[in-house]
Each structure stands twice: as structure tokens, then as C-alpha cells.
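Below is one structure, written out as C-alpha cells; the observations come after it.
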Amino acid sequence: MNVHEIISEANLAPSVHNTQPTCWQVDGNGLILSLNNHRLLDVADPQARDARLSMGTALLGTWIAASRQGFGVKGIDHDRHRIRLELVADNSTPIWEHDTVMARTTFREGFASLPKSSLSGISTRIDTSITDTPAMIRSIAELNDSTSHGIMRDKAFRAELRRWMRLSKRHANWSRDGMNANALGLSRLEAIGASRVLSTPVFECLDKLGVAAKLTGEFSKTCTSHYVIAFHRPEGEDPLDSGVAFYELWLELTQCKQAVWPMAALADDPDARKQVEDWFDVPAGRQLINVLRVGPLPKSARSKTRLPVNELLIQ
Ligand SMILES: Cc1cc2nc3c(=O)[nH]c(=O)nc-3n(C[C@H](O)[C@H](O)[C@H](O)COP(=O)(O)O)c2cc1C
């Protein structure tokens, strides 16, 4: 078993702010996944819920990567802090193609106006509700901007967000973690502007002038979405399991040649969540996990910004 290759592929899974909070350890014939407490978002994610969702995506990532090397998962034990995967030789076909794992991406620009792809496989999933109605997408775009603006008013939130943004190529972590200007879909000039707008007290001054919301808003880009998907899971489900399903859905969308741009704010804010659940008729007993803008994959794939394996592997 090539552990380095497994971790390298597993860590291509999406994580909140690209924090890559999961680390791996070899344990006999298994692997232990745990959360790195130094890579959590104290302000945006005080309960480490998004971190556990991200650990769920890394768990499926590990499973996929192990299957590529001829290993299956025989059992999973987990508690709040660690997950142990028992691996056994198994020569069945890998669960996802490497190309699909590589092509999966967060795309934060306007989507191309191409004919819509069919999402037929995805619409049969019990955990998705989908719209492609322009009026509904506009309402969601407005709600996303107003909700995000409310969250951005918290200066501690903005400071933490800025710590995970890499707005200049000179940033030491530009190609290691967080969200760099390319991933954020920002030109050099826009990146300089974003850094200023989010800083304190500039944001507060712009807010008083009534222009902060316009400058941080994503309305017109959101309106280019071909689809918006409400992703919901059973109420009370462990976010680890929701994270596994989240990555699986994202890979399915990639197979349909679709990129994704999440709007977690709409699931995190209680009023917005209620509104979205109403609009999508989310069935009772289910909780909204995220809301996804969906549109065609960009023509050229961006390189993935990830930590080297030696920093993810506990010896
Ligand atoms: C639980 C979770 C929540 C996320 N929420 C957002 C979000 O609200 N906005 C956003 O732009 N990206 C969001 N993302 C996407 C991550 O920022 C993205 O996966 C990460 O930057 C790595 O980039 P990649 O997906 O292109 O590999 C989220 C990802 C996860 C796992």
C-alpha cells in the first residue's frame, strides 16, 4: 500500500476554506484520520461542524484512493476525534475515476452560457432538490448576498476569512492551502481591491456609505448558475456522514461535467435556511447542509492548491 499516494489523492477532497483539516496516521493494516486542531475556523465554525463535514469528504477521498490501490474498507470505527479505517485487499474496480477526482472543482466565476447538461442521475437522489427557474435563482442570489453581507459585518469573521485568502502570489501559502486569487476568480486588481474592502475600518466606512454589499456581492455571477441545488440530509445526522454524501454528490456533478460554487451562508444562517427550505419544499425531518450553484466545468482545469503529504501524515 502506497500511503503517500492514498493521502495525496484523499486530500483532493473539498474542505471548508481549503483548510485541509484532516490528517492521517498508519495503524497496522488500517489508517486513522483525525482533525488537526490548528486548522479549524474558530469564528466561522465554532462547533467544528464544517470541519467534520470536511473530514467526511476526506474519508470518502481515502476510500476512493485506497480502492485505486486494490484495497477495500472492511470497517470504520469512529468517535468525535478519530476515524479508523480497516483496509483489506480487494480487486474490485476503483469507486471513482482519478480523472473525475482531479476535475472536481469549486468555480467562483460566472458560468458559461452553454446548453444545460442533464442532471437526471442527481435529481433522483433523495438528498437534493434542484431548480433551474431563473426567477428562483435570482431570489436565491439576492438572499445569498444579503445573508453574506450580514455575516461579513462581523469583523472577527472577516479577519479569519482574510487569513485564509491568498490574494498575492507572494503569499507564502499561495499554492499550499486556503483560497488564492485564482481560486476566487479574482484578477490582480480585484484581489488588491478585495483585500482593502474586507479590512477594518475600510469595510465599516464603505458599509456606512451603502456600497460594501455591492462590492462583496455575487448577485450577477450567481444568476449565471444553470441550476441551484439544495443539499439536505436527515436531521441529526453526524456531519461526517453528510460530508461523505456531499463529496459523492459533487463527484456525480463532475461526471455530468458540472462545476460547483457552494453558498454555505444560506445553510448556516437560521433565517436564510428556513427561507431556502420553504422555497425548495425540503421535506420535514431533513436539514439543509449547503446550497450549490451549478454550471459547466471550465474548459481548462485549475491546478489544486494542497499541502504536501508529509505535513498531513502523522508519523
Ligand atoms: C463544508 C464545506 C463548505 C463549503 N462552503 C463554501 C462556501 O460557502 N463558499 C465557497 O466559495 N466555497 C465553499 N466550499 C468549497 C471550498 O472552499 C473548496 O472545496 C476549497 O477551497 C478547495 O477547492 P476545490 O473544491 O476547488 O478543490 C465549501 C467546502 C466544504 C467542504
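The values are calculated or read from the model by the stated rules, or taken from the named source; none is laboratory data. Worth saying up front: this structure is predicted, and the values here are computed from it rather than measured. Here Cβ is always computed from backbone atoms with ideal geometry, including for glycine, and neighbour counts include all displayed protein chains.
Restricting attention to the range 104-134 and to residues that are aliphatic (A, V, I, L, M) and farther than 22 Å from LEU186 by Cβ, the residue that is farthest from the chain's Cα centre (by Cα) turns out to be LEU114. Screening the range 293-315 for residues that are of a type in the set (A, V, I, L, M, F, W, C) and touching a helix residue (DSSP H, G or I) at 6+ places or on another chain (Cβ under 8 Å) and picking the one that is surrounded by the most Cβ atoms within 10 Å (Cβ to Cβ) gives VAL294.
Listed here are the residues, each with its yes/no results for (1) at pLDDT 95 or above; (2) more than 21 Å from SER15 (Cα to Cα); (3) among the basic types (Lys, Arg).
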{"site": "TRP174", "(1), (2), (3)": "yes, no, no"}
{"site": "ASP177", "(1), (2), (3)": "yes, no, no"}
{"site": "SER187", "(1), (2), (3)": "no, yes, no"}
{"site": "GLU190", "(1), (2), (3)": "no, yes, no"}
{"site": "ALA194", "(1), (2), (3)": "no, yes, no"}
{"site": "VAL211", "(1), (2), (3)": "no, yes, no"}
{"site": "LYS214", "(1), (2), (3)": "no, yes, yes"}
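Residues of the range 1-40 being in a helix (DSSP H, G or I), crowded, with 16+ Cβ neighbours inside 10 Å and either modelled with pLDDT under 95 or more than 16 Å from the ligand (Cβ to nearest atom) (or both), which ones? Across the range 1-40, the qualifying residues are VAL3, ILE6. Taken together, the residues in the range 188-213 that are β-branched (Val, Ile, Thr) and in contact (Cβ under 8 Å) with a residue 40 or more places away in the chain amount to 1.
What are the pairs, 6+ residues apart or on separate chains, where a residue within the range 1-18 that is more than 28 Å from PRO46 (Cβ to Cβ) has its Cβ under 7 Å from a residue that is among the polar types (S, T, N, Q) and not in a loop (DSSP other than H, G, I, E, B)? Pairs found: ILE6/THR62. Taking the criterion of being part of a loop (DSSP other than H, G, I, E, B) and either among the hydroxyl-bearing types (Ser, Thr, Tyr) or farther than 26 Å from ASN18 by Cβ (or both), the residues of the range 90-123 that qualify are ASP90, ASN91, SER92, THR93, THR105, SER113, LEU114, PRO115, LYS116, SER117, SER118.
Would the range 290-303 turn up any residue that is within 15 Å of the chain's Cα centre (by Cα) and hydroxyl-bearing (Ser, Thr, Tyr)? No, the range 290-303 contains no residue that is within 15 Å of the chain's Cα centre (by Cα) and hydroxyl-bearing (Ser, Thr, Tyr).
Of the listed requirements (1) out of contact with any strand residue (DSSP E or B) (no Cβ under 8 Å at 6 or more places or on another chain); (2) away from the ligand (no atom under 16 Å from the Cβ), VAL101 misses just one: (2). Contact map, the range 252-281: first residue of a type in the set (A, V, I, L, M, F, W, C) and within 12 Å of the ligand (Cβ to nearest atom), second residue in a helix (DSSP H, G or I) and at pLDDT below 95, Cβ cut-off under 7 Å, separation 6 or more or different chains; pairs are LEU253/ILE122.
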